[in-house]
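The values are calculated or read from the model by the stated rules, or taken from the named source; none is laboratory data. Being a predicted model, the structure only gives us computed values, none of them experimental. Using ideal geometry, Cβ is built from the backbone for each residue, glycine included, and neighbour counts are taken over all protein chains shown.
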Amino acid sequence: MHIQNVEFLISAVSPQQYPEPNLPEIALAGRSNVGKSSFINTMVNRKKIARTSSKPGKTQQLNYYQVEDWFYLVDVPGYGYAKVSKTEKAKWAQMLESYFSGRSNLTLALLIVDFRHDPSKDDQAMKAFFDHYNIPYFVIATKTDKVKKSQWNKHLSAIYKGLDLESIDQILPFSAETKEGREEAWEIIDAVLAGEYDE
């Protein structure tokens, strides 16, 4: 997939700031420092359209990117970062609940998890959230380049069981370093936007 035009639009904290819902929307959710920004940069083939940070918890708004005249990609605040205050966490939770429960053009959520580790309680809670609101989702397991191929089945199984998924095929191994899974991720997005995705 060759993307020519991608634009950072806005960092939004409330529905009043969201762009007009005239394009389908794909949301990225995952814990802080799981590689969401690197995923975005790899997918659109840009080095720095999404800012990566060595400091977890830096994304505190919904960051909107417009991909062509095709869809919005929305990077939501990372969760599970211990140094963020309870007040801040509560604000984030309220913002995410408002977004996920009320955004009419939200077409797909991508749950970004770290391939090296079992899903966290926060990952499990986010997946349950998608189930509750009937949001179609797919699991992207990042940092696969850090795991030996001989161990992949073991890690895939741990994510499948940890998130109580219906099928192991709901997990896509992905690496920003090697671009492993990039084309497959575009196939998923393409199918969703064409109305062909069957969860």
**Item:** Residues of region 174-199 that turn out to be in contact (Cβ under 8 Å) with a residue 40 or more places away in the chain and either among the small types (Gly, Ala, Ser) or more than 18 Å from Pro136 (Cα to Cα) (or both), as a count
**Value:** 7
**Asked** Do you know which residues across region 7-40 are part of a loop (DSSP other than H, G, I, E, B) and either closer than 22 Å to Trp186 by Cα or of a type in the set (S, T, N, Q) (or both)?
**Response** Ser14, Pro21, Asn22, Leu23, Pro24, Ser32, Asn33, Val34, Gly35
**Residues located in region 70-85, provided they are over 16 Å from the mean Cα position of the chain (by Cα) and modelled with pLDDT under 80** = Tyr81, Ala82, Lys83, Val84, Ser85
**Message:** I'm trying to understand the selection: among the residues of region 166-184, which are within 15 Å of Lys127 (Cα to Cα) and surrounded by fewer than 18 Cβ atoms within 10 Å (Cβ to Cβ)?
**Reply:** Glu166, Ser167, Ile168, Gln170
**Request:** Identify the single condition in (1) surrounded by fewer than 19 Cβ atoms within 10 Å (Cβ to Cβ); (2) at pLDDT 95 or above that Glu196 does not satisfy, given that it satisfies every other one.
**Result:** (2)
**Set Arg51, Arg46: member being under 28 Å from Glu184 (Cβ atoms), at pLDDT below 90 and either in contact with a helix residue (DSSP H, G or I) (Cβ under 7 Å, 6 or more places away or on another chain) or in a strand (DSSP E or B) (or both)** = Arg51
**Prompt:** So Leu110 clears everything in (1) in contact with a strand residue (DSSP E or B) (Cβ under 7 Å, 6 or more places away or on another chain); (2) of a type outside the set (Ser, Thr, Tyr); (3) in a loop (DSSP other than H, G, I, E, B) except one condition, right? Which one?
**Reply:** (3)
**Request:** Tell me which residues, restricted to region 163-199, are out of contact with any Phe, Trp or Tyr (no Cβ under 9 Å at 6 or more places or on another chain), charged (D, E, K, R) and assigned to a loop (DSSP other than H, G, I, E, B).
**Result:** Asp164, Glu166, Glu177, Lys179, Glu196, Asp198
**Complete:** Filtering region 112-129 for residues that are under 17 Å from Leu28 (Cβ atoms) and either surrounded by 20 or more Cβ atoms within 10 Å (Cβ to Cβ) or modelled with pLDDT of 95 or more (or both) leaves a count of 8
**Request:** Would you point out the residue of region 144-162, among those that are part of a helix (DSSP H, G or I) and among the charged types (D, E, K, R), that is surrounded by the most Cβ atoms within 10 Å (Cβ to Cβ)?
**Result:** Asp145
**Prompt:** farther than 20 Å from Leu62 by Cβ, in a helix (DSSP H, G or I) and among the charged types (D, E, K, R) - does that describe any residue in region 133-143?
**Reply:** no
**Request:** State yes or no: is Glu88 within 17 Å of the chain's Cα centre (by Cα) and either surrounded by fewer than 16 Cβ atoms within 10 Å (Cβ to Cβ) or without any contact (Cβ under 8 Å) to a residue 60 or more places away in the chain (or both)?
**Result:** no
